[in-house]
1. So ASP299 clears everything in (1) acidic (Asp, Glu); (2) modelled with pLDDT of 90 or more; (3) over 22 Å from ALA153 (Cβ atoms) except one condition, right? Which one?
2. In contact with a helix residue (DSSP H, G or I) (Cβ under 6 Å, 6 or more places away or on another chain), open to solvent by 20 Å² or more (accessible area, probe 1.4 Å) and among the hydrophobic types (A, V, I, L, M, F, W, C), is that true of LEU205?
3. Which pairs turn up if I take residues in the stretch 140-163 that are more than 14 Å from TYR121 (Cβ to Cβ) and among the aliphatic types (A, V, I, L, M) and look for partners that are crowded, with 18+ Cβ neighbours inside 10 Å and modelled with pLDDT of 85 or more with beta carbon separation below 7 Å, at least 6 apart in sequence or on another chain?
4. List every residue pair whose Cβ atoms sit under 9 Å apart, with the two residues 6 or more apart in sequence or on different chains, where the first one lies in the stretch 455-479 and is under 15 Å from HIS552 (Cβ atoms) and the second, anywhere, is basic (Lys, Arg) and not in a loop (DSSP other than H, G, I, E, B).
5. Residues to consider are GLY574, GLY526, GLY539, GLY535; find the one that is over 28 Å from ILE406 (Cβ atoms) and not hydrophobic (A, V, I, L, M, F, W, C).
6. Is at least one residue of the stretch 187-200 part of a helix (DSSP H, G or I) and under 24 Å from the mean Cα position of the chain (by Cα)?
7. Could you please find all residues in the stretch 218-249 being in a loop (DSSP other than H, G, I, E, B), free of Cβ contacts under 8 Å to residues at least 60 places away in the same chain and crowded, with 18+ Cβ neighbours inside 10 Å?
8. Out of everything in the stretch 27-66 that is modelled with pLDDT of 80 or more and hydroxyl-bearing (Ser, Thr, Tyr), what residue ends up being most open to solvent (accessible area, probe 1.4 Å)?
Amino acid sequence: MSRPKMNHWYTPKLGLRTGIRVLLSSIFGTFADRRDSMALNAPVSDGAMDPAMDYSAEGGAPFWIDYMSDTGDGYDATFAMARLLCDPALSVDGLDAPLPPARVLVLGGDEVYPDPSKEEYQRRLIDPLEQATQEVHGYPERDYGSAGPDLYALPGNHDWYDGLVSFGHLFCRRRIAIPGQATVPRPGRIIANWSTQQTRSYFALKLPGNWWLWAVDSQLAGYIDKSQVEYFAYVGQRWMQPGANVILAVASPGWVGAAQAVDRTAFEQFDFVSTLAERVRDENGAPKGHRVRLVLTGDHHHYVRHEEEGEQGPMPETETPAPRPRTLIVAGGGGAFLHPTHHLDPVERHPLGRQEEKRNALTERVYRIASTDGREALYPPRDASRSLAMRNLWFALLNPGMTATIFAVYLLFIWTLSLWSVAIQGQTLLGYIHAQGSGWDALTAYLGLIGRAPLHLGAVFVSLAAYYYFAGRVRPVVRWTSSLLHWLAQSAGALLSVWFIMKALARPVEASAASAVWEVPTVILGAAVGALVFGTIFGLYLLIQLNVFGRHFNEAFSSIRIDQYRNFLRMKIGTDGALTVYPIGLRAVPGADEDERPRPEMIEAPIRFEP
């Protein structure tokens, strides 16, 4: 059994493969939304809800739920987290008593990286879950339909890269017999210690104590299809008791960083989804009074807890009652590479548009990072995150695939430029540079030669377009400034490194054959040094953008692939109806072949929500 390492995101093969997946899924996801076919294959009953998703009768004892997101990257991290989930008595540093296992596991999105093929799901998610189950419980995989904890999964953007085909086969296998239709019931799939129960990519779970868990599938572009809106509206109107408490699971934190974004679509869609339960009315048109108390998400691979500020005033009777402030937790530490936290704004302010003001009875939403005794609810802490970011200075060595690619590009550039020099001047590049008197003359001659080579000059400006694209969607002046400075730095680095090597190794050569022989190792060495300089400048660019401007957090940490500071949530609904959230972290990840057991710790004190 292969145990894959964390993905090397800065490799041409992976980048090209992922780019093609994104393009195809974006195109076909628009014209052939798989959520529609799921809704047709699993229609909602007019009567009672699906009994497999109704846990309300299990309230005689504390009811436990696990939430983990962003799994299936490196084998070791996913395996370590699975061992914690399976532990029948989980001892956590910071708690006096061990925690029992959960009755339900919810995977919050991006269950596999980089793309959702059947093989990748098996290698990066199922295999580590099964190994952890066998090591903890010591029994083989169970038969279909046998009892055990249940598993539900919400798709993230990476799960959507094949149009949700593999996700549907893995997590939505179960089928319910529909009266009057030629359907054959089918049990869900057994994955290690868990049984899948869902029939769609979105779902609603009825929990004890008038608590519900809604998981909303927002596809790739944040689009919520009509069938899904109607499903949750039906659940809220027909099956939920008035004043129900809702735990809302979404695929990404649309409230984080959206105030500085050029496109506010992410926040607008999140605001719509987060108020969906509060807008539900009964058959007579009266508000049912449901409240979203807790929002859970992943996508960002760290832990942070926000609290929405302010009491919101009542709406006019003709409108929907305003939602109360809620708690929002990002817990995306299930196994993917770590994301930083030091770039996060302590306070997120989101001005609302006219439709949003009408919907919410306020002009802005305010989210503040929670803190206890002066310690922010962040994992990793800001200081540790900032220190880890410094590893980008070693970008060239940490990303050998990209360094090798740049070496090949520089080698082709220099070698063809030398051929161009022979064609127009009768001298190789090395001989031409050596023929110049001073170093400055050699540098200007080198620049002049590039300026007279149309293909090479065009390549220089194509690289500017690449840096502009990489700068991301920000204000035009910021995008142009950062991409121009990056381009100038990279151009200067490439120019000076190649020029320095050629000037240092150049020697008078009479015969052209001898010159060509000597030029080969010089060109290779110049390209190698240039590639190392490129990687160093690129890492420095990421470091400055992250530490100074709070940008490129994903690009800066995907380059260094840190396998630390994992996290998940274990939640308890007590017999009194109160919800308690235990944020559990794993600072260091032991290898799957090591005897060392994971040592989980409390990220912060348990968070309690009264009934």
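The values are calculated or read from the model by the stated rules, or taken from the named source; none is laboratory data. None of the values given here were measured: they were computed from a predicted structure. Cβ placement follows ideal geometry from the backbone for every residue including glycine, while neighbour counts extend to all protein chains displayed. Ligands, DNA and RNA are excluded from the accessible area calculation, which covers all protein heavy atoms including side chains. Shrake-Rupley method; radii C 1.70, N 1.55, O 1.52, S 1.80 Å.
1. Against the list (1) acidic (Asp, Glu); (2) modelled with pLDDT of 90 or more; (3) over 22 Å from ALA153 (Cβ atoms), ASP299 comes up short only on (3).
2. Spelling it out, it is not the case that LEU205 is in contact with a helix residue (DSSP H, G or I) (Cβ under 6 Å, 6 or more places away or on another chain), open to solvent by 20 Å² or more (accessible area, probe 1.4 Å) and among the hydrophobic types (A, V, I, L, M, F, W, C).
3. LEU154/LEU107; LEU154/GLY108; LEU154/GLY109; LEU154/ALA215; LEU154/ASP217; LEU154/ALA249; LEU154/ALA251
4. As it stands, the answer is TYR468/ARG479; ALA471/ARG479; GLY472/ARG479; ARG473/ARG479, since those pairs meet every condition given.
5. Within the list GLY574, GLY526, GLY539, GLY535, the selection yields GLY574.
6. No, every residue in the stretch 187-200 fails to be part of a helix (DSSP H, G or I) and under 24 Å from the mean Cα position of the chain (by Cα).
7. The answer is SER218, GLY222, ILE224, MET240, ALA244.
8. SER56
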